[in-house]
Structure formats: C-alpha cells, structure tokens
1. Which residue, of Ser40, Ser136, Ser131, Ser106, is small (Gly, Ala, Ser), under 30 Å from Arg21 (Cα atoms) and at pLDDT 90 or above?
2. Within the bounds of segment 20-34, is there any residue that is within 27 Å of the chain's Cα centre (by Cα) and either over 20 Å from Ala129 (Cα atoms) or of a type in the set (Gly, Ala, Ser) (or both)?
3. Filter segment 1-19 down to the residues that are within 41 Å of the chain's Cα centre (by Cα) and polar (S, T, N, Q), then identify the one that is surrounded by the most Cβ atoms within 10 Å (Cβ to Cβ).
Amino acid sequence: MKLNNLRPAKGSTKSTKRIGRGQGSGFGGTSTRGHKGAKSRSGYSRKIGFEGGQMPLQRRVPKFGFTNINRVEYKGINLDSIQSIVDNKKVTEITKEIIVANGLASKNDLIKILGRGELSAKVTIKANAFSASAKSAIEDKGGIAEVI
C-alpha cells in the first residue's frame with residue numbers, strides 16, 4: 001500500500017447532485033427550486049424570525065422592563081454546603097479555590113455566602129460577599145468571615 005493508491009472504502013462516498021446542467025440531466029429547468037417565488041431566486045436568504053410576511057413574533061410581543069447595567073451577579077453558596085465541605089475534606093479555611101474545586105462555583109464567579117443551614121465548625125471563610133445571617137452564624141461559632 002502506497003499513498004498514491006489510497007481510496008475511500010467502497011460505497012462510503014457519493015457523487016454530488018449536479019443541478020442546472022440542462023434538461024438531459026434531469027435536474028435542469030428550475031434546478032430543483034420549483035416555480036417562481038423568493039426561494040427560487042438567486043441570492044435568496046430568509047431573515048431570522050421571518051414568518052412568510054405575517055408580523056413576526058418578536059415584533060408582535062411588546063417590550064417591557066429594563067436591564068440594569070450596573071448589576072453585580074453573585075453565585076450564592078449556603079452554610080449547609082460549606083458544612084458538608086468541612087465534614088468531607090477536613091478543612092479549617094474555605095477559599096474560592098476550594099469552592100471551585102468542589103464544583104459549587106466556576107472560577108469566574110463572584111461568591112456570596114448565604115445563611116441557609118447550620119454551621120457547626122469553627123471555620124475561616126474568604127468570599128466576595130456575605131449575607132448578614134451568614135456572617136453572624138460564622139462569627140457565633142468563632143469563625144472569621146473575610147471579604148476578598
């Protein structure tokens with residue numbers, strides 16, 4: 001076997017349908033496009049959301065509300081999730097790296113600690129933000145809630 005005699009497996013490739021090459025080919029005339037209309041013309045491309053001339057959905061439905069460009073989005077992590085990390089991994093300090101390693105957030109997320117659940121361990125937590133209930137729960141157990 002040499003490079004000059006390599007071929008695809010038999011039946012694995014098909015020849016392309018050659019359209020617009022005369023009546024004898026069977027694909028001449030309208031070249032498989034049917035008769036008249038926008039889709040038969042060259043250069044045709046339908047707009048996104050086009051509904052055949054009917055008013056498109058994105059124009060029928062009214063606009064409302066607004067998006068605040070200054071909004072800061074946090075990934076919320078509750079105390080019960082932190083307690084499970086402390087129980088399983090036997091750590092005394094929770095950092096962003098530990099939270100990301102345990103799959104609770106991605107590396108680009110801003111992390112906010114929330115107060116759901118019980119915390120029974122003394123632990124130092126470093127996060128971008130804390131809710132008031134979470135901060136008091138951490139400090140009641142002798143831990144430190146450090147904002148990074």
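1. From the options Ser40, Ser136, Ser131, Ser106, the qualifying one is Ser40.
2. Looking for residues that are within 27 Å of the chain's Cα centre (by Cα) and either over 20 Å from Ala129 (Cα atoms) or of a type in the set (Gly, Ala, Ser) (or both), one finds none in segment 20-34, hence no.
3. If we take residues in segment 1-19 being within 41 Å of the chain's Cα centre (by Cα) and polar (S, T, N, Q), then Thr13 is surrounded by the most Cβ atoms within 10 Å (Cβ to Cβ).
The values are calculated or read from the model by the stated rules, or taken from the named source; none is laboratory data. Treat the numbers as computed from the prediction; the structure is a model and nothing was measured. Note that we place each Cβ from the backbone using ideal geometry, even for glycine, and neighbour counts take in every protein chain shown.
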